[in-house]
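Participant: After the C-alpha cells below, expect a handful of questions from me.
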Amino acid sequence: MRQYLDVKDRHPTAIIFFRLGDFYEMFFEDAVVASRLLDLTLTTRDKGKDDAVPMCGVPHHASRGYVAKLTELGHTVVMCEQVEDPKLAKGLVKREVVRIVTPGIVLDDEVLDPKRPRYVAAIVVDKVTKDKVGLAYLDATTGELCATELPLAAVHDELVRVAPREILAEDPTKAPLAQLRARLATAVRAPWNIAPEIADGRAELRGLALTASYARPAEAGPLAVRAAAMALAYARATQPTGALPISTLRLYEPADAVVLDEAAIANLELTETLIGKHAEGSLLDVIDDTVTAPGARRLRRWLLYPLVDVPQIRRRQDAVAWLVERGELAESIRRVLAKTADLERLAGKCTLGIATPRDLGRLRDALVELPALVALVRSGQNSLTGLPEPLDLKACLVAALPALAARLAAALVDEVPALLKDGGVIRTGRDPVVDECRRLADGGKDEILAIEAHEQEATGIASLKVRYNRVFGYYIEVTKTHLAKVPAHFIRKQTIANGERYVTAALAKLEARVVAAEETLATREAELVKAEVVACADAAPQIAAAGAALAGLDACGSLASIAARRNYCRPIVDSGYVLDIVDGRHPVIEAMLPPGTFVPNDCHLDPAAEQLVLVTGPNMAGKSTYMRQVAQIALLAQIGGFVPARSATVGVCDRVFTRVGAADNLSRGDSTFMVEMRETSSILAKATRRSLVILDEVGRGTSTFDGVSIAWAVAEHLHDAIACRTLFATHYHELVALADSRPRVRNLSVAVREHKGEIVFLRRVVAGGANKSYGIDVARLAGLPTKVVSRARQIMAQLEGGASLGSTPQLSLLPTAAPSPVVARLAALDIDRTTPLEALQLLAELKSLV
Ligand code: ADP
Ligand code: MG
C-alpha cells in the first residue's frame, strides 16, 4: 500500500493499474469508479475491518480492453508494473510506472482509428494580453507535432477542426479559458506534470527540426513554442521507458489554409453528416478512395485545411491530373501502394519500442515494395520534365530502407507470428543459438517418442503412453489393468481414475534439457527481435519520411480515382475573385442518387458585377443543395482536387462561411435563434472581400417581419460593406426587391412548375426571383388536411391584401388571440345612454387602459 499510495500521490487524477502477480488491482476511489465503469466486482481488502479498502482487479492478460474502455471514457490510466522477478526479489517487489495511457495518447491498434490521427492538444494563453493563444497538437503514434498562434476568439474553431481527444491548459477553470472550456465537447485539464522549466519551452524542444510557413522560423511566436513544449513534455511523461517518434515541429499560421469555422465544417458536412454525425455520407467519405491508412489521414487533413496558395494548389492538381491521364498505370500504382501498410505508425512503434514481431513483418513486406513502386511511378514519365512534385518519391529510395528490408527478411520467418510469446519468429539459419536450441527442443521430442517405444517394449504394456502437462511436464501413463507390469524404476507421481502416472530418470533428464532449450530459445528470440526493433528505430525517421511521401501519393491517387469514376473536371484555380461553375453537381447527393438523375446547375459569382446572388424558391426546391455544392466545389478545387462540374474557375477563397438557419443547438443551452444570430455576426465581423459566404435561410428562427428585416439588412451589409462573394438563400421572396436598389445583387430561383394544381420540382436554377413562396403548396404535399390548407390560403390572401413590405405592416390583419380591453369596453358602450360627463370619464379610463 505504501508503494501504491506513492504512485497515487504522483498521479492523483489518474486511475492506477497496480500490478499484483497476475492481476492489475485498483484501490480506494479508483476501484469504486472503475468497478462501475468496467462492470467489475467491487470487493475489499482486509474485509470486516473498519478501514477496509475497496478494491477491484482485472487479469493482466485481459487488461488491454479495460484500459481502452477507461481512456475512451476520458480517464487516464497509469500502468504500474513489477519491474523485478518476484522469485528473485528480496522483500517487496519493486514496482514502477512504465506507461501512462491518456485519452489523447493511446498507442493500442485496437483502439486507434487507422484513418484518423489521435491528437492531444495544448493551449497557452498570453499572461499579459489574455487574448493571444498558442495552440499545439501532437499525435504520439506518428510523431506529428504542429503549433500556431491565434487570437483567443479563434481557438474554438481551430480546436473543432483539429478534434483532439484531450486538451491541456494551465488553469482551465479560470478566465479566460473557462468560457472556451464550456463550449468544447472535449475536456480541458491541467497536465499533471507542468514544471516551471518548460515555461519558456526552448529546452523541451531542443533537438527538433523546425519547419514553418513563416519566412523566418526563428520569429515563431513564443506562445506557439510554449504550447508545443507543453504537449511534448506531457507526451514524454507518458512514456517513461520509451522515446517518442517526434523529430519535427511544424509551425503554421491560420492564414496558410482556408479558414473554416465550426459551422462551416458542420454545415458543409466535410467529415461527418449534420444529422446523426455519421462519417458515411460526408464529403470526405465520398472523395476517400485511398488504399492506405496514412493516405486516408492525409486526405482528411487536406480537406480540413484547403490551400490558399495558388502555385501549391496547382502542384497538387498536376499530380492528380497526371494520374487521371494514366488511368491504368494509376490503378497499378494503387495496387502496390495498398501493400505498404501504415509506414508512419509502424515507424512510430519502432521508436516507442512497442513494435510486435508482426509489425516487423509488415514493415518488411512494405519496405520490399518500395523500389518497384517508385519504378512504376517513374515508368509513367517518359518526357524530360520531372514528375509533379507530390509524386516525387525520393524519400522512398534512401539507402537505409532496402538495407533494413534485407535485414528484416534475413532475420524473420516468412509468416511472422503475431506475438513474441508465440515463438518461431526468427528464421532458421540466422542465429546459431536459436538453431541449436530448436534442434535440442525438437530432437528432445523425438527422443521422447523413442523412450515411449522403448518402455512399451520393455514392459510389454502396449498402451503405455508418454504424455505432457504443465504441472508435471513429461510423464508415463499406465492404465489400471497393467499396473502389475510396472517396473521398479518408474517413480509414481499421481493416481488418476483409471491408472497411474510415473516419471523415470531418463525422462526427467530429457525433459530438463528440452525445457532448458525452450527457455533459452525464447530468451534468445526476444533478444534478437529487440535488436531488430532497435535497428528499425534507427531508421524510423527515414521510414516515416517514406510513409509521408506515400501518404501524399495515396491521397492524390484517391482524388484521381474519384475524378475518373465520377466524371469530375480539373478546375482553373487562380488569384482572381471570380467563382464560375458550369453544370456543377453536389458530390454527395449525386453519389446517392441513381446515375444521371442529379440535375446540374451553373453558378457565377463575381464581385464586380454579380457579387450577391439571392436564391429564392419554395422549400424542398433545392436551394440548400445548390449552395452547398458551390462551397464544396470551391473547397475541392482548393485541396487540388477535381470537381463535379463540366468546367469551373475558382478564384481562391480565404475563408468559407456557411450559415444554415434553424439548426437546433439546444444542448448547449442557446436558443436556435441566438446561435443563428451569433454565427451571422461572426461572419459579418470576419469575412473579407476574398471570402465565400453561404447564408441559408438566415432569419428563419424568428417571426416573419423580424426575419425578413434581418435578412434584408444582412444582405445589404454583405453587399455594401464587405463585397464578398455571397449566396443567400431565402424563402422570403420579398427580398428579391433588393436587386432594384443594389447594383451587384442578382436574383436566381430554383424553378418549380405548377401542373394541375400540383407543384413539380424541376431542380433547375433559373434567372429571376421567385414571386411566391409556395409554402402552402409544400404543406399540402406534406399531407396537411384540405380544410387547414384552404383556410391557410384564405389567411394568406388577407395578409397579402393588407400587409406588404413596402407599406407599413398592418398588424391588425394578423389574427390575434383576444380583443383588447379597450375594444371590449368600446363595444359594450351604448352612446345614446351616455352623458357628456360620463363620456369624459370614459375617455380618461380608456386612456389609462392604453
Ligand atoms: P431547399 O433548401 O430549397 O428546401 P434542398 O436543397 O434541401 O431544398 O433540396 C431538397 C431535396 O431535393 C434534396 O434532399 C435532394 O434530394 C433534392 N435535390 C436538390 N437539388 C437537386 C438536384 N439538383 N438534382 C436532384 N435532386 C435534387
Ligand atoms: Mg434549405
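The values are calculated or read from the model by the stated rules, or taken from the named source; none is laboratory data. Worth saying up front: this structure is predicted, and the values here are computed from it rather than measured. Counting neighbours? That spans all protein chains shown, and the Cβs are built from the backbone with ideal geometry, glycine included. In case anyone asks, the SASA skips ligands and DNA or RNA and just uses the protein heavy atoms, side chains included. Shrake-Rupley method; radii C 1.70, N 1.55, O 1.52, S 1.80 Å.
Participant: Could you tell me which helices of the chain pass both thresholds, a Cα extent of 30 Å or more along their own axis and a mean Kyte-Doolittle hydropathy of at least 0.0, with helices taken as whole DSSP H runs?
Facilitator: Working: long enough: 357-379 (34 Å, 0.34); 432-459 (39 Å, -0.57); 505-538 (50 Å, 0.46); 540-566 (38 Å, 0.83).
Flagged H segments are 357-379, 505-538, 540-566.
Participant: What's the center-to-center distance, using Cα atoms, between region 262-284 and region 1-67 in Å?
Facilitator: 40 Å
Participant: So which aspartates and glutamates pass the test for Lys756, namely a Cα distance under 18 Å, with those fewer than 8 places away in the same chain ruled out?
Facilitator: Output for Lys756: Asp777.
Participant: Suppose a student asked you for the relative contact order of the chain, using Cα pairs under 8 Å spaced at least 6 residues apart; what percent would you report? Mind showing how you got there, number by number?
Facilitator: On the way: 1514 pairs, mean separation 77.9, N = 850.
Computed over the chain, the figure is 9 percent.
Participant: Which whole number of Å³ per residue matches the convex hull of the alpha-carbon atoms in region 406-477?
Facilitator: 122 Å³
Participant: A further question on this structure: Would you please state which residues of region 443-468 a label at Val486 would reach in this model, taking the label point 7 Å out along Cα→Cβ and a backbone N cut-off of under 13 Å?
Facilitator: Within reach of a label on Val486: 464-465.
Participant: Also: Can you give the extra length, in nm with one decimal, that the chain gains between Asp51 and Val83 once fully stretched, where that is 0.36 nm per residue apart less the Cα-Cα distance?
Facilitator: Working: separation 32, 0.36 × 32 = 11.52 nm, distance 2.91 nm.
Answer, rounded to one decimal: 8.6 nm.
Participant: Ok, one more. Near Lys480, which lysines are there with a Cα under 24 Å away, not counting those fewer than 8 places off in the same chain?
Facilitator: Here the lysines satisfying the reach criterion relative to Lys480 are Lys465, Lys493.
Participant: Mind ranking 790-798, 58-66 by how tightly packed they are, going by the mean number of other C-beta atoms within 10 angstrom, highest first?
Facilitator: Values: 790-798: 12.3, 58-66: 14.4.
Result, highest mean first: 58-66, 790-798.
Participant: So, one more: Please state, rounded to one decimal and in Å, the Kirkwood hydrodynamic radius that region 1-157 gives when every pair of distinct Cα atoms enters the mean of 1/r.
Facilitator: Values: mean 1/r = 0.0558 Å⁻¹.
Kirkwood radius, region 1-157: 17.9 Å.
Participant: 7 Å from Cα along Cα→Cβ at both Ala399 and Ala175: what's the point-to-point distance in nm?
Facilitator: Taking the two extended label points, one gets 6.3 nm.
Participant: Please compute the net charge surrounding Ala779, taking Lys and Arg as +1 and Asp and Glu as -1 over other residues with Cβ under 13 Å from its Cβ.
Facilitator: +3
Participant: Related question: Can you give me the relative contact order of region 417-490 as a percent, contacts being Cα pairs under 8 Å and 6 or more apart?
Facilitator: Value for region 417-490: 17 percent.
Participant: Then there is this: Give the cysteines in the chain for which no other Cys Cβ lies under 4.7 Å away, or write none if there are none.
Facilitator: Cys with no partner Cβ under 4.7 Å: Cys56, Cys80, Cys146, Cys396, Cys437, Cys556, Cys569, Cys603, Cys653, Cys724.
Participant: May I ask you to compute the full-extension gain from Thr43 to Arg467, defined as 0.36 nm times their residue separation minus their alpha-carbon distance, rounded to one decimal in nm?
Facilitator: Details: separation 424, 0.36 × 424 = 152.64 nm, distance 4.03 nm.
Here the answer is 148.6 nm.
Participant: Among the lysines, select those whose C-alpha is under 30 Å from the C-alpha of Lys90, and discard any that sit fewer than 8 residues away in the same chain.
Facilitator: Counting by Cα, and skipping residues close in sequence, Lys90 has these lysines nearby: Lys8, Lys47, Lys49, Lys421, Lys530.
Participant: Please give, to one decimal in nm, the separation of the simple spin-label points placed at Ala828 and Arg742, each 7 Å out from Cα toward the Cβ.
Facilitator: 5.1 nm
Participant: What number does region 326-415 give for Rg over Rh if you use C-alpha atoms and the Kirkwood radius?
Facilitator: 1.02
Participant: Could I ask something else about it? Take every Cα pair under 8 Å in region 278-390 that's 6+ residues apart, average their separations, divide by the length, and report that relative contact order as a whole percent. Provide the component values of the computation, followed by the final result.
Facilitator: On the way: 66 pairs, mean separation 36.8, N = 113.
Normalised by residue count, the contact order of region 278-390 is 33 percent.
Participant: Counting only helical runs of four or more DSSP H residues, what would the 222 nm mean residue ellipticity of the chain come to if each run contributes -39,500 (n - 2.57) and the total is spread over all its residues?
Facilitator: Taken over the chain, the calculation gives -13000 deg cm²/dmol.
Participant: For a quick protection proxy, order the peptides 183-190, 164-171 by their average other-Cβ count within 10 Å, most packed first.
Facilitator: 164-171, 183-190
Participant: Taking 0.36 nm per intervening residue step and subtracting the Cα-Cα distance, what contour gain separates His156 from Glu389 on full extension?
Facilitator: 80.5 nm
Participant: Can you work out D for the chain in µm² s⁻¹ from Stokes-Einstein, where Rh is the Kirkwood radius over C-alpha pairs, the temperature is 25 °C and the viscosity is 0.890 mPa s? Please report the intermediate quantities before stating the final value.
Facilitator: On the way: Rh = 32.8 Å.
The calculation lands on 75 µm²/s.
Participant: Between Val582 and Ala526, how many nm apart are label points set 7 Å from Cα along the C-beta direction?
Facilitator: 7.0 nm
Participant: After finding the eigenvalues of the alpha carbon gyration tensor for region 552-666, what semi-axes result from the square roots of 5 times each, listed largest first in whole Å?
Facilitator: 23, 19, 15
Participant: Using the heavy atoms of the protein chains alone and a 1.4 angstrom probe, what is the accessible area of the chain per residue in square angstrom?
Facilitator: On a per-residue basis, 48 Å².
Participant: Would you mind telling me the share, in percent, of accessible area of the chain contributed by carbon and sulfur at probe 1.4 angstrom?
Facilitator: 56 percent
Participant: Could you give P(r) for region 206-293, binned at 5 Å from zero, as whole percent values over all Cα-Cα pairs?
Facilitator: Histogram of Cα-Cα distances, whole percents per bin: 3, 11, 14, 13, 11, 15, 19, 12, 2, 0.
Participant: Quickly rank 627-634, 398-405 as a protection proxy: mean count of other C-beta atoms within 10 Å, highest first.
Facilitator: 627-634, 398-405
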